[in-house]
Each structure stands twice: as structure tokens, then as C-alpha cells.
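All remarks here apply to the structure that follows.
The values are calculated or read from the model by the stated rules, or taken from the named source; none is laboratory data. Owing to the predicted nature of the structure, the values given are computational and were not obtained by experimental measurement. All Cβ positions, even for glycine, are placed from backbone atoms using ideal geometry, and neighbour counts span all protein chains on display. Keep in mind that these areas ignore ligands, DNA and RNA; they rest on the heavy atoms of the full protein, side chains included. Shrake-Rupley method; radii C 1.70, N 1.55, O 1.52, S 1.80 Å.
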Amino acid sequence: MRQEQAIFKALLSLAFVSICKLGIAQSDTYFAFPPLLEWQGGQHIIDLQISTSVPSSQVWVYNSDTSYSQNITVTQGNLSIITLSAIQGSIQSTYGARNLSWVNQKRTKDALFVEASQPVTVTQRVRQQFNQEIITGKGMNGIGKEFYVASQTEIHSTVTGNFTNYHGLHYVSIVALEDNTEIHIKASAGNTFTNGSDSAVFQLDQGESWVSTMQDNKVLLGTKVTSDKPIAVTAGGNHLKTSSTNNADAGIDQVTPTEHLGIKHVVLRGRANHPQDYFMYVATQNGTNISVDGTNILSNGNAGDAGTYVMNGNPATPGKPFVVESNLPIYVFQVTSGVTSGEPEQGMAQLPHLDCTGSTNVTYNRASGLATSALITIPSNAVSNLNYNGNAISTNASITVQQSTYDPSWSGVYIGPNVLTNSFSLDCITPFHVGILAGEGSSTGLYGYISGFDDDLKLLDPITALSVDDIPLGSLCDTTIPLYFDYLSCVDSINVISALVLQGNATIIDSNASDTVLHAIINPNFNGIIEIQVVVEDSRGFRDSVVYEFEYYGASYDPVQEDTLSVCNGQPVVLQVQNPATGLSYLWSTGDTTVSTTAYNPGWVWITVDVGNCVFHDSIFLINGSLYEPTIRDTAYCDSLIVDFRDPFLANIYWTTLDTNAVELQFDSTAYYPFISTDINGCSKEDSFYYRVIAEPYIDEGFGCPNYTLTATGYSQFISFSLGQQTYTEPSLDTLFPFAGSHELTLVAIDSCGNLDTISRILEVDCLDNLLMYVPTAFSPNGDGINDTYCLSSSLPTRTEYAIYDRWGNELFKGPSTECWDPVGLGQEISKGAYSMRTFTKLPSDQLHVDEFTIFVLP
């Protein structure tokens, strides 16, 4: 092994020892909870209590068909509680519970599951005034194919006799984890379930559950559950009346499969009065011998043989060890209480065996509202290293220690309700077990073991020291690559049984099958995912496996797969690094530092990918794929014009303001006409067409009044130019007007389209107040058609009005200067003689100019 590898391995070992001190209780990343049967007294509330010893874990809690689903984040040192209290109409109970109406049948909604990103500890607390209990989630250690279950035995029957109002009931609850799972339940000899049968055979699909019940005048202890695929099992009883006190309570726990059993247990006496502090045992193989403190209690027993052992001792001084030994693996279930006063009620828990099990760190919260205490099973030589809330237990005189007189290597530690804090921690470098007792007079009693049931070989991530199925190595580009692992086992010797390349191109070298490092040599021309499975076996024959997964970047790795790419000019195109992975850094020529960038124009784009111990460069040339370019953009014409935009590269054109897709359009107004064109490559472009209508020939006045420079313009050929009655053959004329007035201008010319145009207009000279007016002095309205009307002429005809009065001042006529006075036409009879006339002119300066004249009417 190279020196740096040896140093790395030593650091990993130190990291593991350090983390072991922070090890977890009965922790896992997956839990399956069969439904908890409700009792005759009504529905109960379920609290899911979740904690973790890692900084944080993302937790998903859901039911069988995920109609209930909740995600939470659990953080180190904090107890998270999910309370299930709402009655769901479809199941007539809370999620996680089974209504009494649905026993001896399969259901699809009432089991619970917990998945976590990092290991967590999960317990169920049943809350009901007379039916409380703690159920310890066993995680993956609670999943198997063969189980024996138990329920309290030191009880009175409530089916008949004097206690029928208690309604006690045993049950076994099961949830399947795979489809088409066949399950067998077989009661012990002489016992039957409430349906009258001593067995049940049924099939469940994934997530479906089943509950079989048994009257409390029967014995559930020793009932066997088997399946052909993995299942989880919970068993116990509801409101079971104890044999020596006038109370009743639940005693339930999740059960581990037979594969996780052992041959040595230490039972610590609880706080129940005699004979209510007892344990039950079940043999799992023929030829089983069991003893308590060296005294045989079962000899040559068969699989399923079971019994009850009542522990003597003082309930006021709990923690006395009873050493249970067997030649073959057995189950041990303890029944006890958390209080001694009044008539304490019971709780039940499966006890873990002592071979290679236990926890090095437990963080938990006491049961709210109840007297809560802790029983700790620990090797005697480790008692001095046991810390409670960070301090050695020897510093607290209220914490008691009792050593076994039969096997002094084991001791029981008791932390009473007056010492146990609301949130507490226990840690020791040597694994130990913790049972939690809780109770309240004659109201309820709880009991549950929250320490680890693991006893198999566990392969560990060498960095986190957590049991894992896979070890991600990120992104690598070197060869050879070391593959490290660590392990947890009761024995020190292990062997690598096999190393298999599941994906990729690699060769595995294991120079020493007994150490914890292998090497992978990767083909340098390979790029992609590498998966390698390593199987390890310890000297007891237990096996575990781990899969290493990483992204390998070989010598031929190209960050961007294409060398060229056709793009639409001006339109965004996303360029993506192939085989991106966490831990890599990127730099694009665009400035982006992510796995992708967006380019808009043709040209070169380059990328640098830094894998950490090697750097890759690549580039791509973006070819302009836009084919259509308008051949006509700006056009001017003296009239409307039809324009054809057809092009072999044009697939579609849309005129946004005209709302049409026509390729041939008639334009008759000056404007910008925007459009979106799409070529045969699919490239779209926004553009516009400008059409201008050329104005007809016109006369420009130039600047300066009354001195005008009149110029004809906008023509293709000049013909003539007229001012009033005077015609000119030159297109430009300088003229000075001595008085204000209106003057007719006329231009005759050929326009830009070749048409002969005659343009007439009036020139208003309005910068002078000089007025020229022609005022006749007489007329003869005698009807002979000659000089019958009176007309005047003004150089400002639109600004001038006049009025005519008789000699008495009566107004005979009033009108604009452009209108003549026609007495005959108006039916006026006027006599000859003199008449007065006044003219009113609003000058360009806006002043009113008034003149008076005398006119004569002749015969």
C-alpha cells in the first residue's frame, strides 16, 4: 500500500472510532409499521416520535397507498413528533391504526412507512387514557420471513367472568412489502383466533395489511408467522387486565424476525409489583435449552415452545439483572410498569439479545405527562464510561447500579423519574441497551426498548461510519482508484468474497482479501458510470455488500460531444456538458460556470471542465443555420404597390400588424410593416418592411413673407407654373406681395410615375395688415340682368364681411365679401338713392379693420 493510502486509511479508522461514540440507537433509513389495533373503548391517537444523531435527515412519512404523505426535516438533538389523530372516513380510524370492524381481512390504507435520507430512530406512542404503549420501530431489522410473537400472559380473562367490561384482546398485525406475498399465521397448541380457527393463510400485495385477533382467554405467546417474501410484524394486546390488580392496559411491540435473535439476554426488573414484573420466552428451534441465572426453565424444547418467568425483587429498586441463556436463538419479551403506586398498568417490549447488539449513543424524550424512567443493560466494566447528559453516571448519586450476582460481567443501571430529564442522552464507547418505562398510577403503563437490535456484519462508509448500501465517489479521472470500506462486526476478521463490475470497464485488484481496501483500474479510453459491488463475509459467516459508484472521465472525454452545431442567428441555443456530476467545476467562454450555457450567435464557444485532479478543454463551432434573408426591405412608390416576398428558403411569414401569412401583399400607406419569418431550417427572425408613398408634385413657398420664393418640386418633368392669371415657364419664381391676400397657384408637371398632374392651391399672404379692396359705388337692381347685384372684392376674402343700411339705419344685407347683395333675388324693393355700407376685416394681426362707404342705387 502506498504511503498516502496508509495515512488515509489511518485517518478513516480514527474517524470511525470518533463517530462510533456518536453512534445511533435503533436507527435506520426505512421503517415499516403494521397497523395498531384499536380497542373497545374507542379510537386512540398515535404519535410518531422521530430523532436523529446526524446533523439533519429528510424524512418522508406515508401510509399504504400514500393517500397520507408528509415530509419533515429532523435535526440532531431535537425530537420531532407527527401526531395522527384525525379519524379518516375510509378506514374509520387514524392512519396507522386498524378499526375493530376490519379484523381478519386485508386492508389497503392503514399501515405506515418512514423513509429517511439519513438514519433516524422512530417510535410509536399510543395515547389513550387507559390504553397507552410505546412501540419501537426496528427498521430493516424488523423485516423478515419468520417470526414468533407474544402478548401478556399474567392476565384475567375478560371474555367471561367478572371482568367482561374490560374487553381485553390479543392481536398480530402484518404488512407486506412486496406484491403476491403469501403469509401463514399459526397459533400455539390449544389456542384459536376470534374467527374460530387456529391459523390463517392469505396473500397480500405491497402495502396491504392484515390483523388477526384472539380473545384474552387464549394465549398469543408462541404464535408463529411465516411468509415467502419480506414482511413486518407487530403483536401484543389491548386493555389486558392484569392478574393481580384491578387495571388493564396495552402491551404491544414490533417484532424482529428469527434471523436477528441470540442466545444471551439480560432482563432488568422493572417497577411492577409481584407477580406483574415478568418475561416471556419463545424457542425458535428444536432442542432448545433455556436457563435463568443458571437455573433451567426449558429443557430440550421445540420450536414454538414458550413460557413465562416471574421475577422476584423489590419494585422500589428496579434494575436488578436476570441473566437468560440458551443454546439456540430465542425470543424474550418483558412485561413491566413505570410506577409502583396505586395499581400500576403494564407495558410490553421485545428485549434485544446481547451478542453484537446495542447502541453507543441514545437521545430520547420522556413520555409527556407520565412518570418516565430508564433501564440500562451494560457490561459491568463499561459502567464507569457511561455518560448521562454528558456526565458520568457516577457523579449522580440518584442513579443506581445493580450488578448480576450470577454473571458479574453484566449490570443494570436505573435512572428514575425524578432524575430523568425531559430530553436526555446516554453515550458510552461500549454498546449498551436502554428500556423506557413510563406510567401514571392506575391510568396507564408504557415500556419499550429503543436501543439497537443489529447483530449482522455491517459495511460502513469510511467517512461517515454509517451503515450504507452504496458509497458514491463522485467524479474521478485517475487510474488506479482505491476503494475503501469499514465494517462493524462482533469479530475482527473479515474476507472480501467477491468484487464485481456491475457497469463500466474496469479491472479490480485485491492484493489482500482480509483488509478493507481494493483497487479499481479503469480503461483510460472509457467514459461514463462505473459501478462495483464488493461482498464481504466475517468469520461468523455473516455477509454484507456495498456498491461503489462514480463517474469516470477518461483520456478521450469530450465535455461537449458535438464539434459543430447549426444554430439560428440571434436565437438562443443551450449547450450542455455531457456526463455532468457534482464536484466538477465549469467555465464557458460566455462566462457561465454551470453545466450549461446559452449562446445566441454563430462562432466559437469553448468550455473548461475541472474534475479536481485533471482538467479537460473542448470547443464547438456554431454554424449560422439561418437561410432566409429578405431581398426587399424598403420601397417607395407614388401609388399603391403589390410586393411578392416569395423565396425558396422561406417556409412561413407572419405579418404581425396585418395578421396575415400572405407572401404577396398590396401596400398603399406609408408605414413600417413588422413580420416574423421562418426558414426551411426552422429558424425564426423578427424583421420589418418599410413602404413609403411618394408625394405628388407640389409648390414649395420657401421662406419669408411677403417676399416668397415659389418653387415647383416632386416632379419628373416641369411644364408650367401660374400665379393668379400669370403663367411662368420656369419652376421657380421670386415675388413680393405689397398687401395681404389670397393668391391662386397652379403647377402643371409630370409626376414620378409618368402621370400628368395639375396641382392647384391657394397662397395665403398673412404677414401684412395692408388690405386691397375693390368697392363699386353704384348698381342698378332693376331686373334687367345688368348690374342687378352689388359685389365687392377683398384681398382677404375669407376675413372680410360687409353690411348695407338704408338712410334710417336699417340693415338690408350682411354677408361675406365673397357673396353679392341681390335685392331682387331676396325680394327686396328698394328705391333709388344713397345707402351706407360698412366693411369688417379681421387683419392677419387679428385687429378688426372697419371702413364706411356710400353707394348709390340707380334706376
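Can you name the condition, by its number, that residue 216 falls short on among (1) of a type outside the set (A, V, I, L, M, F, W, C); (2) farther than 22 Å from residue 435 by Cα; (3) buried (at least 23 other Cβ atoms within 10 Å of the Cβ); (4) at pLDDT 95 or above?
(4)
Can you tell me which of 228, 249 is at pLDDT below 95 and either part of a strand (DSSP E or B) or open to solvent by less than 40 Å² (accessible area, probe 1.4 Å) (or both)?
Only one candidate passes the filter, namely 249.
Which condition breaks for residue 545 when tested against (1) part of a loop (DSSP other than H, G, I, E, B); (2) farther than 30 Å from residue 678 by Cβ?
Checking residue 545 against (1) part of a loop (DSSP other than H, G, I, E, B); (2) farther than 30 Å from residue 678 by Cβ, the one that fails is (1).
Among all residue pairs at least 6 apart or on different chains, which show Cβ distances below 7 Å where the first residue, located in the range 38-64, is over 27 Å from residue 426 (Cα atoms) and the second is aromatic (Phe, Trp, Tyr)?
As it stands, the answer is 41/130; 62/68; 62/113; 63/95, since those pairs meet every condition given.
Which condition breaks for residue 194 when tested against (1) touching a Phe, Trp or Tyr at 6+ places or on another chain (Cβ under 7 Å); (2) within 17 Å of residue 103 (Cα to Cα); (3) among the hydroxyl-bearing types (Ser, Thr, Tyr)?
Answer for residue 194: the failing condition is (1).
Exactly one condition in (1) more than 17 Å from residue 440 (Cα to Cα); (2) surrounded by fewer than 23 Cβ atoms within 10 Å (Cβ to Cβ) is false for residue 265; which is it?
(2)
Between residues in the range 336-355 that are outside any loop (DSSP other than H, G, I, E, B) and residues that are open to solvent by less than 10 Å² (accessible area, probe 1.4 Å) and modelled with pLDDT under 80, which pairs lie under 6 Å by C-beta distance while being six or more apart or on different chains?
Close Cβ pairs satisfying both conditions: 347/445; 347/446.
Considering each of 592, 644 in turn, give the residue that is at pLDDT 85 or above, within 30 Å of residue 751 (Cβ to Cβ) and among the acidic types (Asp, Glu).
644
Please determine, by comparing only the residues of the range 73-102 that are surrounded by fewer than 20 Cβ atoms within 10 Å (Cβ to Cβ), aliphatic (A, V, I, L, M) and modelled with pLDDT under 95, which one is nearest to residue 177 (Cα to Cα).
Result: 100.
If I go through the range 144-163 residue by residue, how many of them are more than 26 Å from residue 107 (Cβ to Cβ), of a type in the set (Ser, Thr, Tyr) and not in a loop (DSSP other than H, G, I, E, B)?
Within the range 144-163, residues that are more than 26 Å from residue 107 (Cβ to Cβ), of a type in the set (Ser, Thr, Tyr) and not in a loop (DSSP other than H, G, I, E, B) number 0.
Is there a residue being in a loop (DSSP other than H, G, I, E, B), under 33 Å from the mean Cα position of the chain (by Cα) and of a type in the set (Phe, Trp, Tyr) anywhere in the range 598-613?
Yes; the residues of the range 598-613 include at least one that is in a loop (DSSP other than H, G, I, E, B), under 33 Å from the mean Cα position of the chain (by Cα) and of a type in the set (Phe, Trp, Tyr).
Can you confirm whether the range 402-424 contains a residue that is modelled with pLDDT under 95, closer than 29 Å to residue 259 by Cα and within 38 Å of the chain's Cα centre (by Cα)?
Checked the range 402-424: no residue is modelled with pLDDT under 95, closer than 29 Å to residue 259 by Cα and within 38 Å of the chain's Cα centre (by Cα).
Inspect the range 627-650 for any residue being loosely packed, with under 14 Cβ neighbours inside 10 Å and under 43 Å from the mean Cα position of the chain (by Cα) and give the result as yes or no.
Taking every residue of the range 627-650 in turn, none turns out to be loosely packed, with under 14 Cβ neighbours inside 10 Å and under 43 Å from the mean Cα position of the chain (by Cα).
Go through the range 726-748 and give me each residue that's at pLDDT 85 or above and either assigned to a loop (DSSP other than H, G, I, E, B) or open to solvent by less than 40 Å² (accessible area, probe 1.4 Å) (or both).
Across the range 726-748, the qualifying residues are 729, 730, 731, 745, 746, 747, 748.
Output the number of the condition that residue 156 fails; it satisfies all remaining conditions of (1) modelled with pLDDT of 95 or more; (2) open to solvent by 10 Å² or more (accessible area, probe 1.4 Å).
(1)
With the structure loaded, tell me whether residue 658 is surrounded by 12 or more Cβ atoms within 10 Å (Cβ to Cβ), at pLDDT 90 or above and outside any strand (DSSP E or B) or whether it fails that test.
In short, yes.
If we scan the range 523-539, do we find a residue that is open to solvent by less than 40 Å² (accessible area, probe 1.4 Å) and assigned to a loop (DSSP other than H, G, I, E, B)?
no
What are the pairs with Cβ atoms under 8 angstrom where one residue, in the range 764-784, is touching a residue at least 12 places away in the same chain (Cβ under 8 Å) and the other, located anywhere, is exposed (fewer than 15 other Cβ atoms within 10 Å of the Cβ) and aromatic (Phe, Trp, Tyr)? Sequence gap at least six, or different chains.
These pairs meet every condition: 765/739; 768/739; 770/739; 771/739; 772/739; 777/856; 778/856.
Would you pick out the residues in the range 661-686 that are open to solvent by less than 30 Å² (accessible area, probe 1.4 Å) and within 26 Å of residue 567 (Cα to Cα)?
Passing the criteria: 675, 677, 679, 683.
How many of the residues making up the range 548-588 are outside any loop (DSSP other than H, G, I, E, B), of a type in the set (Val, Ile, Thr) and open to solvent by 60 Å² or more (accessible area, probe 1.4 Å)?
2
Residue check: is residue 766 open to solvent by 60 Å² or more (accessible area, probe 1.4 Å), modelled with pLDDT under 85 and over 60 Å from the mean Cα position of the chain (by Cα)?
yes
Could you check, for the range 409-425, whether at least one of its residues is of a type outside the set (S, T, N, Q) and at positive phi?
No, the range 409-425 contains no residue that is of a type outside the set (S, T, N, Q) and at positive phi.
Of all residues in the range 164-202, count the ones that are part of a loop (DSSP other than H, G, I, E, B), open to solvent by less than 10 Å² (accessible area, probe 1.4 Å) and touching a Gly at 6+ places or on another chain (Cβ under 7 Å).
Residues in the range 164-202 being part of a loop (DSSP other than H, G, I, E, B), open to solvent by less than 10 Å² (accessible area, probe 1.4 Å) and touching a Gly at 6+ places or on another chain (Cβ under 7 Å): 1 in total.
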